[in-house]
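One structure is given here, and the rest of the page talks about it.
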Amino acid sequence: MNVKNIKVYKTREGYAQVSPLNAKRSWMDETYESHAYKCFPVGLTNQLGWGISFPEDITFVWDGISDSTPNHVKVISGEKYVYTGRANATISFNTGLMFVTEKNQTLLSMPVPNQFIDGAVPFTTLISTSFFRGDLPVAWRITRPNVEITIKANTPIISIIPIDLEDMQNSEMFLSPINEINKLEFLDEAYAEAVGAANAAGNWSNFYRDATDHKGKKMGEHQVKAIRLKGGSE
(Lines give C-alpha, C1' and ligand atoms only; values in the text may rest on other atoms or scores of the structure.)
Protein backbone atom coordinates (compact mmCIF):
# COMPACT_ATOMS: atom_id res chain seq x y z
CA MET A 1 0.00 0.00 0.00
CA ASN A 2 1.49 3.34 -1.09
CA VAL A 3 0.36 5.65 1.72
CA LYS A 4 0.71 9.38 1.02
CA ASN A 5 1.95 11.56 3.86
CA ILE A 6 1.01 15.23 3.68
CA LYS A 7 1.90 17.88 6.22
CA VAL A 8 -0.40 20.88 6.52
CA TYR A 9 0.65 24.05 8.30
CA LYS A 10 -1.73 26.81 9.35
CA THR A 11 -0.08 30.07 8.38
CA ARG A 12 -3.08 31.99 9.76
CA GLU A 13 -5.58 30.91 12.39
CA GLY A 14 -9.30 31.17 11.69
CA TYR A 15 -9.10 30.78 7.92
CA ALA A 16 -9.57 27.60 5.91
CA GLN A 17 -10.01 24.11 7.27
CA VAL A 18 -9.22 20.81 5.55
CA SER A 19 -10.91 17.43 5.95
CA PRO A 20 -11.66 14.29 3.91
CA LEU A 21 -14.49 14.82 1.43
CA ASN A 22 -17.92 13.58 2.44
CA ALA A 23 -19.80 11.13 0.23
CA LYS A 24 -23.00 13.18 0.55
CA ARG A 25 -24.15 15.89 -1.87
CA SER A 26 -27.20 18.09 -1.42
CA TRP A 27 -28.47 17.48 -4.98
CA MET A 28 -28.24 13.73 -4.38
CA ASP A 29 -30.29 14.11 -1.19
CA GLU A 30 -32.97 15.80 -3.31
CA THR A 31 -33.34 12.93 -5.79
CA TYR A 32 -36.34 10.63 -5.32
CA GLU A 33 -35.68 8.51 -2.24
CA SER A 34 -32.03 9.66 -2.51
CA HIS A 35 -31.79 7.38 -5.53
CA ALA A 36 -28.55 8.99 -6.78
CA TYR A 37 -26.61 7.33 -3.96
CA LYS A 38 -27.27 3.98 -5.61
CA CYS A 39 -24.81 4.95 -8.36
CA PHE A 40 -21.56 3.36 -7.20
CA PRO A 41 -19.18 5.31 -9.52
CA VAL A 42 -20.61 8.65 -8.35
CA GLY A 43 -20.68 7.71 -4.66
CA LEU A 44 -17.08 6.49 -4.73
CA THR A 45 -15.83 9.53 -6.62
CA ASN A 46 -17.50 11.89 -4.12
CA GLN A 47 -14.85 10.84 -1.59
CA LEU A 48 -11.89 11.56 -3.88
CA GLY A 49 -9.59 13.87 -1.96
CA TRP A 50 -9.57 16.28 0.93
CA GLY A 51 -11.74 19.38 0.80
CA ILE A 52 -10.74 22.91 1.78
CA SER A 53 -13.58 24.97 3.24
CA PHE A 54 -14.24 28.11 5.27
CA PRO A 55 -16.21 28.58 8.52
CA GLU A 56 -18.39 31.41 7.12
CA ASP A 57 -20.46 32.12 4.02
CA ILE A 58 -18.66 33.81 1.14
CA THR A 59 -20.79 35.85 -1.28
CA PHE A 60 -19.60 37.78 -4.34
CA VAL A 61 -20.88 39.19 -7.61
CA TRP A 62 -19.10 39.88 -10.91
CA ASP A 63 -20.19 42.77 -13.13
CA GLY A 64 -19.47 40.93 -16.39
CA ILE A 65 -16.32 42.83 -17.38
CA SER A 66 -13.24 40.64 -17.86
CA ASP A 67 -10.04 42.64 -18.06
CA SER A 68 -6.84 43.18 -16.09
CA THR A 69 -8.31 45.64 -13.59
CA PRO A 70 -9.38 44.31 -10.16
CA ASN A 71 -12.58 46.31 -9.70
CA HIS A 72 -15.19 44.07 -11.30
CA VAL A 73 -15.82 41.53 -8.53
CA LYS A 74 -17.59 42.82 -5.44
CA VAL A 75 -17.31 40.77 -2.26
CA ILE A 76 -20.48 40.99 -0.17
CA SER A 77 -19.53 38.68 2.71
CA GLY A 78 -16.48 36.72 3.81
CA GLU A 79 -14.11 39.46 2.66
CA LYS A 80 -11.10 38.20 4.62
CA TYR A 81 -11.19 34.85 2.87
CA VAL A 82 -10.96 36.11 -0.71
CA TYR A 83 -8.88 38.30 -3.00
CA THR A 84 -10.11 39.94 -6.20
CA GLY A 85 -6.81 41.38 -7.47
CA ARG A 86 -6.33 38.57 -10.01
CA ALA A 87 -8.99 40.28 -12.19
CA ASN A 88 -10.15 38.60 -15.44
CA ALA A 89 -13.42 37.41 -13.89
CA THR A 90 -11.67 35.42 -11.18
CA ILE A 91 -11.64 35.28 -7.43
CA SER A 92 -8.93 33.67 -5.32
CA PHE A 93 -9.07 32.36 -1.77
CA ASN A 94 -6.86 33.10 1.23
CA THR A 95 -6.56 29.56 2.52
CA GLY A 96 -3.99 30.19 5.25
CA LEU A 97 -2.80 26.61 4.63
CA MET A 98 0.62 25.48 3.46
CA PHE A 99 0.99 21.90 2.20
CA VAL A 100 4.25 19.98 2.24
CA THR A 101 4.59 16.67 0.40
CA GLU A 102 7.43 14.32 -0.45
CA LYS A 103 9.58 14.72 -3.58
CA ASN A 104 7.62 12.20 -5.63
CA GLN A 105 4.28 13.87 -4.91
CA THR A 106 2.54 16.77 -6.62
CA LEU A 107 -0.66 18.25 -5.24
CA LEU A 108 -3.56 18.19 -7.68
CA SER A 109 -6.26 20.77 -6.93
CA MET A 110 -9.49 20.18 -8.81
CA PRO A 111 -13.23 20.89 -8.58
CA VAL A 112 -14.94 18.94 -5.81
CA PRO A 113 -16.31 15.81 -7.52
CA ASN A 114 -20.03 16.02 -8.28
CA GLN A 115 -20.49 19.31 -6.43
CA PHE A 116 -22.10 22.03 -8.53
CA ILE A 117 -22.21 25.75 -7.77
CA ASP A 118 -23.99 27.71 -10.47
CA GLY A 119 -22.00 30.64 -11.83
CA ALA A 120 -18.42 29.75 -10.92
CA VAL A 121 -15.98 26.89 -11.33
CA PRO A 122 -12.61 26.16 -9.67
CA PHE A 123 -9.42 26.08 -11.70
CA THR A 124 -7.60 22.75 -11.83
CA THR A 125 -3.91 23.12 -10.93
CA LEU A 126 -0.78 21.12 -10.14
CA ILE A 127 1.50 22.51 -7.41
CA SER A 128 4.95 21.12 -6.58
CA THR A 129 4.42 21.11 -2.84
CA SER A 130 7.69 19.28 -2.20
CA PHE A 131 9.44 22.67 -2.43
CA PHE A 132 6.74 25.38 -2.76
CA ARG A 133 6.51 27.23 0.55
CA GLY A 134 3.43 29.42 0.63
CA ASP A 135 -0.30 29.23 1.11
CA LEU A 136 -1.89 26.85 -1.37
CA PRO A 137 -3.20 29.02 -4.23
CA VAL A 138 -6.86 28.37 -5.04
CA ALA A 139 -8.93 30.37 -7.54
CA TRP A 140 -12.29 30.19 -9.30
CA ARG A 141 -13.40 31.48 -12.70
CA ILE A 142 -16.73 33.31 -12.47
CA THR A 143 -19.01 32.44 -15.38
CA ARG A 144 -22.28 34.25 -14.56
CA PRO A 145 -22.33 38.06 -14.36
CA ASN A 146 -24.57 40.21 -12.16
CA VAL A 147 -25.70 37.32 -9.97
CA GLU A 148 -24.81 36.94 -6.30
CA ILE A 149 -22.91 33.68 -5.81
CA THR A 150 -22.74 32.24 -2.31
CA ILE A 151 -20.45 29.53 -1.04
CA LYS A 152 -22.09 28.27 2.13
CA ALA A 153 -20.00 27.87 5.27
CA ASN A 154 -18.16 24.52 5.44
CA THR A 155 -18.72 23.86 1.73
CA PRO A 156 -15.51 22.56 0.13
CA ILE A 157 -14.15 24.96 -2.50
CA ILE A 158 -11.61 22.51 -3.93
CA SER A 159 -10.54 18.89 -3.77
CA ILE A 160 -6.84 18.20 -3.21
CA ILE A 161 -5.16 14.92 -4.11
CA PRO A 162 -1.46 13.98 -3.96
CA ILE A 163 -0.34 12.27 -7.18
CA ASP A 164 2.91 10.96 -8.64
CA LEU A 165 3.41 12.59 -12.04
CA GLU A 166 6.46 10.45 -12.81
CA ASP A 167 4.27 7.39 -12.45
CA MET A 168 2.12 8.76 -15.31
CA GLN A 169 5.01 9.89 -17.49
CA ASN A 170 5.16 8.31 -20.97
CA SER A 171 1.92 6.43 -20.44
CA GLU A 172 0.27 5.54 -23.73
CA MET A 173 -3.20 4.60 -24.94
CA PHE A 174 -3.64 2.16 -27.79
CA LEU A 175 -6.64 2.23 -30.09
CA SER A 176 -7.17 -1.39 -31.09
CA PRO A 177 -9.64 -3.35 -33.21
CA ILE A 178 -12.55 -4.72 -31.21
CA ASN A 179 -12.00 -8.23 -32.58
CA GLU A 180 -8.90 -8.54 -30.39
CA ILE A 181 -11.15 -8.96 -27.35
CA ASN A 182 -12.61 -12.33 -26.52
CA LYS A 183 -16.32 -12.25 -27.29
CA LEU A 184 -17.03 -13.78 -23.88
CA GLU A 185 -15.83 -10.55 -22.26
CA PHE A 186 -18.62 -8.49 -23.83
CA LEU A 187 -21.77 -7.54 -21.94
CA ASP A 188 -24.52 -9.03 -24.07
CA GLU A 189 -28.06 -7.88 -24.82
CA ALA A 190 -29.46 -9.90 -21.92
CA TYR A 191 -27.31 -7.84 -19.55
CA ALA A 192 -28.61 -4.60 -21.05
CA GLU A 193 -32.18 -5.86 -20.80
CA ALA A 194 -31.70 -6.77 -17.13
CA VAL A 195 -30.33 -3.31 -16.38
CA GLY A 196 -33.19 -1.68 -18.29
CA ALA A 197 -35.79 -3.75 -16.44
CA ALA A 198 -34.31 -2.76 -13.07
CA ASN A 199 -34.29 0.91 -14.02
CA ALA A 200 -37.86 0.75 -15.33
CA ALA A 201 -38.96 -0.68 -11.99
CA GLY A 202 -37.24 2.18 -10.13
CA ASN A 203 -34.52 -0.10 -8.82
CA TRP A 204 -30.76 -0.29 -9.24
CA SER A 205 -29.18 -3.42 -10.71
CA ASN A 206 -25.99 -3.23 -8.58
CA PHE A 207 -24.21 -5.34 -11.19
CA TYR A 208 -21.34 -2.90 -11.49
CA ARG A 209 -21.17 -2.26 -7.74
CA ASP A 210 -20.91 -6.00 -7.09
CA ALA A 211 -18.67 -6.61 -10.13
CA THR A 212 -21.00 -9.31 -11.47
CA ASP A 213 -22.98 -9.92 -14.61
CA HIS A 214 -26.77 -10.24 -14.66
CA LYS A 215 -26.47 -13.93 -13.75
CA GLY A 216 -24.42 -13.23 -10.63
CA LYS A 217 -21.14 -14.38 -12.20
CA LYS A 218 -18.10 -12.55 -10.85
CA MET A 219 -16.47 -10.39 -13.52
CA GLY A 220 -13.62 -8.84 -11.53
CA GLU A 221 -12.81 -6.77 -8.47
CA HIS A 222 -12.84 -3.06 -7.64
CA GLN A 223 -9.54 -1.71 -6.34
CA VAL A 224 -11.50 -0.28 -3.39
CA LYS A 225 -15.19 0.08 -2.64
CA ALA A 226 -14.73 3.08 -0.36
CA ILE A 227 -12.05 5.76 -0.22
CA ARG A 228 -10.82 6.27 3.33
CA LEU A 229 -8.73 9.34 4.04
CA LYS A 230 -7.53 10.60 7.40
CA GLY A 231 -6.42 13.77 9.09
CA GLY A 232 -7.21 17.40 8.56
CA SER A 233 -9.27 19.63 10.77
CA GLU A 234 -12.98 20.18 11.20
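The values are calculated or read from the model by the stated rules, or taken from the named source; none is laboratory data. What you are looking at is a predicted structure, and each value in this text was computed from that prediction instead of being measured. Here the Cβ is made from the backbone with ideal geometry for all residues, glycine too, and neighbour counts use every protein chain on show.
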Filter region 83-108 down to residues that are in a loop (DSSP other than H, G, I, E, B) and either surrounded by 15 or more Cβ atoms within 10 Å (Cβ to Cβ) or within 24 Å of the chain's Cα centre (by Cα) (or both), then give me how many there are. 13
Among the residues of region 187-220, the number that are in contact with a helix residue (DSSP H, G or I) (Cβ under 9 Å, 6 or more places away or on another chain), of a type in the set (Gly, Ala, Ser) and surrounded by 12 or more Cβ atoms within 10 Å (Cβ to Cβ) is 3
If you go through region 27-82, how many residues are of a type in the set (A, V, I, L, M, F, W, C), crowded, with 16+ Cβ neighbours inside 10 Å and part of a helix (DSSP H, G or I)? 4
State which residue pairs qualify: first residue at positive phi and inside region 129-155, second residue surrounded by 15 or more Cβ atoms within 10 Å (Cβ to Cβ) and among the aromatic types (Phe, Trp, Tyr) in any location, beta carbons under 9 Å apart, and separation of 6 or more residues or different chains. 146/62; 154/54
Are there any pairs with C-beta distances below 9 angstrom linking a residue in region 53-69 that is without any contact (Cβ under 8 Å) to a residue 12 or more places away in the chain to a residue that is charged (D, E, K, R) and part of a loop (DSSP other than H, G, I, E, B), with the two at least 6 apart or on different chains, and if so which? none
Residue in region 221-234 that is surrounded by the most Cβ atoms within 10 Å (Cβ to Cβ), counting only those that are modelled with pLDDT of 85 or more and of a type in the set (D, E, K, R): 225
Out of region 19-44, which residues are within 15 Å of residue 152 (Cβ to Cβ) and under 12 Å from the mean Cα position of the chain (by Cα)? 22, 25
Output yes when any residue across region 113-132 is surrounded by 17 or more Cβ atoms within 10 Å (Cβ to Cβ), under 28 Å from the mean Cα position of the chain (by Cα) and of a type in the set (A, V, I, L, M), and no when none is. yes
